[in-house]
1. If we keep just the residues of region 101-118 that are over 20 Å from Asp151 (Cα atoms) and surrounded by 10 or more Cβ atoms within 10 Å (Cβ to Cβ), which is modelled with the highest pLDDT?
2. Is there a residue in region 132-141 that is assigned by TED's automatic domain parsing to the domain that holds Glu165, in contact with a helix residue (DSSP H, G or I) (Cβ under 8 Å, 6 or more places away or on another chain), part of a loop (DSSP other than H, G, I, E, B) and modelled with pLDDT under 85?
3. Can you say whether Leu93 is surrounded by 12 or more Cβ atoms within 10 Å (Cβ to Cβ), under 30 Å from Ile54 (Cβ atoms) and at pLDDT 80 or above, as far as the supplied structure shows?
4. Name the residues in region 88-110 that are hydrophobic (A, V, I, L, M, F, W, C) and either under 30 Å from Asn130 (Cβ atoms) or in a loop (DSSP other than H, G, I, E, B) (or both), would you?
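The values are calculated or read from the model by the stated rules, or taken from the named source; none is laboratory data. Every value quoted in this text rests on a predicted model; they were computed, and no experiment measured them. Every residue, glycine among them, receives a Cβ derived from its backbone with ideal geometry; neighbour counts consider all protein chains shown.
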Amino acid sequence: MYDSGGAERAASIRPLLTGKPDEILKARSRAAVLDLKYGRRRVADPGDNVQLSIYALLAVRSDEEIQEVTCQVLSPYFDFEPFTYGRAELDHLYESVQIVINSLSDPGEPVPGAHCQFCPARLICPAARNGAEKAALAKVAQLPSGEPAADLLRQIRRANALFKEIESYYRRLLEREPGAM
């Protein structure tokens with residue numbers, strides 16, 4: 001698995017994890033993943049550690065009897081609280097990974113939603129644009145109630161966020177180049 005590290009490191013790709021777990025202990029329906037860290041730089045806690053979550057996922061996928069995996073970082077310099085994943089959590093993580101892997105060959109059409117606010121492509125995204133147009137041009141003879149009202153309000157919020165982003169873009173453009181428009 002790789003992390004591009006953003007635009008500032010777009011030219012280089014660095015691995016999220018390499019090698020293998022330092023130790024995996026199994027006893028009946030439980031397992032423990034131990035990761036030894038001797039460096040003086042603190043790593044992420046076991047519950048937030050991507051490397052350990054992947055190791056836990058791999059442990060559960062390799063043995064159908066395992067129902068829970070406890071992850072622990074062992075360090076002479078830092079104390080870490082162990083974190084335990086349940087089988088359902090790890091199965092859900094596996095399904096999420098499968099969705100991502102499957103989407104690599106066919107990403108499909110973008111689906112607008114609350115996540116659009118974090119997307120750097122929201123200004124050029126056809127799905128975001130269509131949602132904004134739908135909300136802006138809605139021919140509402142009577143205001144809906146219930147779930148249709150909630151949908152309309154979500155569309156309006158996304159459209160407003162998109163419009164503000166467009167305004168912000170042009171404001172920055174005019175600050176840089178006063179005669180640009």
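1. Asn102
2. For region 132-141, residues assigned by TED's automatic domain parsing to the domain that holds Glu165, in contact with a helix residue (DSSP H, G or I) (Cβ under 8 Å, 6 or more places away or on another chain), part of a loop (DSSP other than H, G, I, E, B) and modelled with pLDDT under 85: present.
3. Numbers: surrounded by 12 or more Cβ atoms within 10 Å (Cβ to Cβ): yes; under 30 Å from Ile54 (Cβ atoms): yes; at pLDDT 80 or above: yes.
Answer is yes for this residue.
4. Answer for region 88-110, where residues must be hydrophobic (A, V, I, L, M, F, W, C) and either under 30 Å from Asn130 (Cβ atoms) or in a loop (DSSP other than H, G, I, E, B) (or both): Val97, Ile99, Val100, Ile101, Leu104.
Condition check ((1) under 24 Å from the mean Cα position of the chain (by Cα); (2) surrounded by fewer than 19 Cβ atoms within 10 Å (Cβ to Cβ)) across all residues:
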| residue | (1), (2) |
| --- | --- |
| Lys20 | yes, yes |
| Arg28 | no, yes |
| Val33 | yes, no |
| Leu36 | no, yes |
| Ser53 | yes, no |
| Leu58 | yes, yes |
| Glu64 | no, yes |
| Gln67 | no, yes |
